[in-house]
Amino acid sequence: MTKLSRTYPFSPRSHRICVTSDTSELKKIRDFIERTALQLGFAEQATYNIALAVDEACANIIRHSYKHDTTREFCLEIFVEQSCLTINIIDNGATFDPLSLAPPNMKEYFSKFMKGGLGIPIIRKFIDEIRYQSADSDHPYNVLTLVKRLS
Amino acid sequence: MSTFSVKHTTQQHVDVLSVTGFLDAHTAPQLEQEIQKYSDVPTPKIVVDFKELDYISSAGMGVFMMFIEDIRSKSGDIKLARMQPKVYSVFDLLGFPMLFDIVDSIDDAVVKFGTSNE
């Protein structure tokens with residue numbers, strides 16, 4: 001399989017990182033996001049929250065898009081545009097659109113001792129705008145875009 | 001390189017699990033194994049000490065949801081103590097205080113178990 005890192009048309013203005021589809025890489029991804037967001041002027045708490053949202057999104061790709069196949073790879077690119085921090089998370093695995101899942105009712109969640117499904121509410125809480133583009137023949141990459149406004 | 005560890009102690013018949021580092025989808029299975037060990041008793045009484053925990057994601061929080069129903073059905077509990085504000089904010093955001101006792105000290109948690117006997 002062609003490496004994403006060699007084929008994806010990254011923005012020339014972006015900071016980027018490519019990792020194998022393995023949960024052991026999550027710490028490296030958070031460090032990358034934190035370092036970049038701090039450098040771009042985000043406060044410490046906001047930076048922590050952005051890194052958490054990105055961690056949740058990447059954990060979903062590892063689990064749902066690549067089904068823990070550690071031979072696969074995904075990439076992140078991050079840039080500031082119009083006072084917004086934009087993070088693209090790019091994979092070429094199975095389509096997994098986090099926006100297709102309805103947020104859980106938390107009262108019901110706890111009263112019924114439900115499990116899983118907490119990552120997407122975290123992403124929705126900490127990220128201002130979420131977009132998902134699934135792969136097609138013209139653009140063979142799934143791209144989850146997370147936008148956080150500099151405030 | 002380990003980014004997460006769990007240390008076990010006991011205090012007045014309560015199992016205290018002190019977690020250190022980063023709790024995410026990679027390290028959550030370690031916590032799951034530890035809680036499993038101490039939940040396999042007639043009435044599990046577990047306190048998780050978060051003082052040295054710098055980070056938690058939903059995978060880590062999910063570990064508590066995996067066990068709480070079974071432990072409560074045995075009249076036991078998992079209580080959560082000494083969270084750093086940035087860690088507490090995520091539990092609070094999702095509404096975990098609706099289901100879990102989250103307290104400021106291990107002593108408070110142990111007292112809440114009312115453990116003068118086994």
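The values are calculated or read from the model by the stated rules, or taken from the named source; none is laboratory data. This structure is a prediction, so every number in the text was calculated from the model and none was measured. Positions of Cβ are backbone-derived with ideal geometry, glycine not excepted, and every protein chain shown enters the neighbour counts. The accessibility values were calculated without ligands, DNA or RNA, using every heavy atom of the protein model including side chains. Shrake-Rupley method; radii C 1.70, N 1.55, O 1.52, S 1.80 Å.
Could you list all residues from segment A:28-52 that are touching a residue at least 40 places away in the same chain (Cβ under 8 Å) and surrounded by 14 or more Cβ atoms within 10 Å (Cβ to Cβ)? Working first, answer last.
First, pick out the residues of segment A:28-52 that are touching a residue at least 40 places away in the same chain (Cβ under 8 Å): A:29, A:32-33, A:36-37, A:40-42, A:46, A:49-50, A:52.
Of everything in segment A:28-52, those that are touching a residue at least 40 places away in the same chain (Cβ under 8 Å) and surrounded by 14 or more Cβ atoms within 10 Å (Cβ to Cβ) turn out to be A:I29, A:F32, A:I33, A:T36, A:A37, A:L40, A:F42, A:A46, A:N49, A:I50, A:L52.
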Only listed residue being on the phi > 0 side of the Ramachandran plot and of a type in the set (A, V, I, L, M, F, W, C), chosen from A:F113, A:F126: A:F113
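I'm trying to understand the selection: among the residues of segment B:16-30, which are touching a helix residue (DSSP H, G or I) at 6+ places or on another chain (Cβ under 7 Å) and either within 18 Å of A:A51 (Cα to Cα) or surrounded by 21 or more Cβ atoms within 10 Å (Cβ to Cβ) (or both)?
Taking segment B:16-30 as the starting set, the residues that turn out to be touching a helix residue (DSSP H, G or I) at 6+ places or on another chain (Cβ under 7 Å) are B:16-17, B:19, B:22-26, B:28.
Within segment B:16-30, B:V16, B:V19, B:F22, B:L23, B:D24, B:A25, B:H26, B:A28 qualify.
Those residues that are within 14 Å of chain B (Cβ to nearest Cβ) and farther than 22 Å from A:G93 by Cα, I need them from segment A:1-32; list them, please.
Here is the first cut: in segment A:1-32, the ones within 14 Å of chain B (Cβ to nearest Cβ) are A:19-31.
Across segment A:1-32, the qualifying residue is only A:D31.
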Unmet requirement for A:I122, which otherwise passes all of (1) at pLDDT 95 or above; (2) open to solvent by less than 20 Å² (accessible area, probe 1.4 Å); (3) closer than 27 Å to A:H139 by Cα: (3)
Test for B:V111: is it open to solvent by 10 Å² or more (accessible area, probe 1.4 Å), β-branched (V, I, T) and either within 12 Å of another protein chain (Cβ to nearest Cβ) or over 11 Å from the mean Cα position of the chain (by Cα) (or both): yes
Residue under evaluation B:V90, criteria (1) more than 14 Å from the chain's Cα centre (by Cα); (2) open to solvent by less than 70 Å² (accessible area, probe 1.4 Å); (3) more than 12 Å from every other protein chain (Cβ to nearest Cβ); (4) aliphatic (A, V, I, L, M), criterion not met: (3)
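Among the residues of segment A:81-136, count how many are β-branched (V, I, T), more than 10 Å from chain B (Cβ to nearest Cβ) and not in a loop (DSSP other than H, G, I, E, B). Talk me through it step by step, then tell me what you get.
The first filter runs over segment A:81-136 and keeps only residues β-branched (V, I, T), leaving A:86-87, A:89-90, A:95, A:120, A:122-123, A:127, A:130.
Okay, now just the ones that are also more than 10 Å from chain B (Cβ to nearest Cβ), so A:86-87, A:89-90, A:95, A:127, A:130.
So of that shortlist, the ones also not in a loop (DSSP other than H, G, I, E, B) come out as A:86-87, A:89-90, A:130.
Going through segment A:81-136 one residue at a time, the tally reaches 5.
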Pick from segment A:95-119, criterion over 15 Å from the mean Cα position of the chain (by Cα) and hydrophobic (A, V, I, L, M, F, W, C), ranking: surrounded by the fewest Cβ atoms within 10 Å (Cβ to Cβ): A:A102
